[in-house]
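Student: What follows is a structure written as structure tokens; I'll ask about it next.
The values are calculated or read from the model by the stated rules, or taken from the named source; none is laboratory data. Since the model is a prediction, treat every value here as computed from it, not as a measurement. Counting neighbours? That spans all protein chains shown, and the Cβs are built from the backbone with ideal geometry, glycine included. Only protein heavy atoms, including side chains, enter the accessible area calculation; ligands, DNA and RNA are left aside. Shrake-Rupley method; radii C 1.70, N 1.55, O 1.52, S 1.80 Å.
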Amino acid sequence: MKIKGLTPILIVILIILFFTGHIYILAPYLANFMQIVEGMFNDSNAIGWSILVLTFIVRLVLLPMQLHQSRNMTIQQEKMRLLQPQLTRVQEAQKNAKTPDEQARATQAMMHIYRENNVSMLGGMNFSTLVIQWPIFSGLYAAINPSIIHGWKGMDWALNQAAEIKSATFFGIHLAQPSIGLAIATGLIYLIQSYLSTLGIAPEQKKQMRTMMFMMPIMMFMMTFFTNAGIGLYFMGGAVIMVLQTLMINLWRPRLRRHVGANFEVKDVVEDALAGRIKTPETGKNSSFMDKMAAAQQQAAQQGQTERKDVTPNNKEKNSQRLSNREKNQRNKQK
């Protein structure tokens, strides 16, 4: 199964876990894992080390999927770089559009360029790895603070382990409480990762990625700050691994660029797209996201034209009624 087809299934499973109250299903297993690692380290910071070990294991398991995702994103970026001259033409047409019809046609033209060249508008982005980790976040949070689980006092693992884990520290940081230091560190590391991900790509794409470059560090800072430091430690460890992964992709990028240059044939369709000479394919269950968006744009444009056509006759009718009323008034005066 392709990753892009896996994401909706994972989201459905996550929603089911959330609404059935089983989102914390991994909590007892993660609590046992932390105690086992604590026994191995026999150190006051052992619980914190166990979280970092957990982060390494999870990231190692997800590494093939993450590298596959990063490779696809890099290939899509390289394809978009080659399509940039056509996209620039469309952007100029959008700026110079004087009517809603011209604006809709320019927007539809951009979708046609992506579709005709088989390029994803999302740039190969995928959220499967994040969705997979969500039960781990929740389970780790509950393992450190089991009181958030309804009826936790009836659970043996929580009664036996909660006090020890909840009072744990990692180099003076209380893992059961929020830590501004960990939040800042996590945000800065993700900012470094975002900057590294922009190296080697076209300036036009850097402008498009600028918002995302700052959005991810801010989001991770907020998530780390409003959860306990145990989750923050997991996020920070994951951020360090993301930096290493991005460095690997940057070393891989020249080879991927050569691969795209040798195998990707650019279809120059911007003139036909702006002129509206490319037909939107009929949408169905198996239609792509771009096809559905293009069809929606075309339908909106057609509906706008229909509404404007409908308005004109109504105005004529109103004008004719006014004229007839004036004639009646004049006749009455003459009488």
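Student: Can you work out the accessible area per residue across the range 6-275, with the rest of the protein chains kept in place, probe 1.4 Å, in square angstrom?
Tutor: In whole numbers, the range 6-275 has 52 Å² accessible per residue.
Student: Between residue 177 and residue 96, what is the spin-label point distance in nm, taking each point 7 Å from the Cα along the Cα→C-beta axis?
Tutor: Each label point is offset 7 Å from its Cα along the Cβ direction, giving 6.3 nm.
Student: Output wanted: per-residue J couplings in Hz (rounded whole) for the range 179-189, from phi through Karplus 6.51 cos²θ - 1.76 cosθ + 1.60, θ = phi - 60°, x for Gly and Pro.
Tutor: 10, 5, x, 5, 5, 5, 4, 5, x, 5, 5
Student: Another question, then. Once ligands and nucleic acids are excluded and a 1.4 Å probe is used, how much of residue 198 is accessible, expressed in Å² to the nearest 10?
Tutor: We get 10 Å² for residue 198.
Student: Kindly list the residues of the range 162-195 that lie in the label zone of residue 29, defined by a backbone N under 11 Å from the point 7 Å along the Cα-to-C-beta vector.
Tutor: none
Student: Order the following by accessible area, largest value first: 59, 89. Probe radius 1.4 Å; ligands, DNA and RNA are ignored.
Tutor: Order by accessible area, largest first: 89, 59.
Student: Same structure, new question: Could you check the simple spin-label distance between residue 251 and residue 134, using points 7 Å along Cα→Cβ, in nm with one decimal?
Tutor: 3.4 nm
Student: Probe 1.4 Å, all protein chains in place: accessible area of residue 226 in Å², nearest 10?
Tutor: 140 Å²
Student: Then there is this: Rounded if a/c is under 1.5, else prolate if a/b beats b/c, else oblate: with a ≥ b ≥ c from the C-alpha gyration tensor eigenvalues square-rooted, which is the range 6-275?
Tutor: In terms of gyration-tensor shape, prolate.
Student: Per residue of the range 36-44, in order, report the coupling 6.51 cos²θ - 1.76 cosθ + 1.60 (Karplus, θ = phi - 60°) as ³J(HN,Hα) in whole Hz, putting x for Gly and Pro.
Tutor: With the stated coefficients, the range 36-44 comes to 5, 5, 4, x, 6, 7, 6, 9, 5 Hz.
Student: What is the spin-label model distance, in nm, from residue 275 to residue 223 if the labels are put 7 Å beyond Cα along the C-beta direction?
Tutor: Roughly 4.8 nm, to one decimal.
Student: Also, I was wondering about something else. Find how much the distance from residue 266 to residue 184 grows on full extension, using 0.36 nm per residue of separation minus their present alpha carbon separation; answer in nm with one decimal.
Tutor: My answer for the length gained is 25.2 nm.
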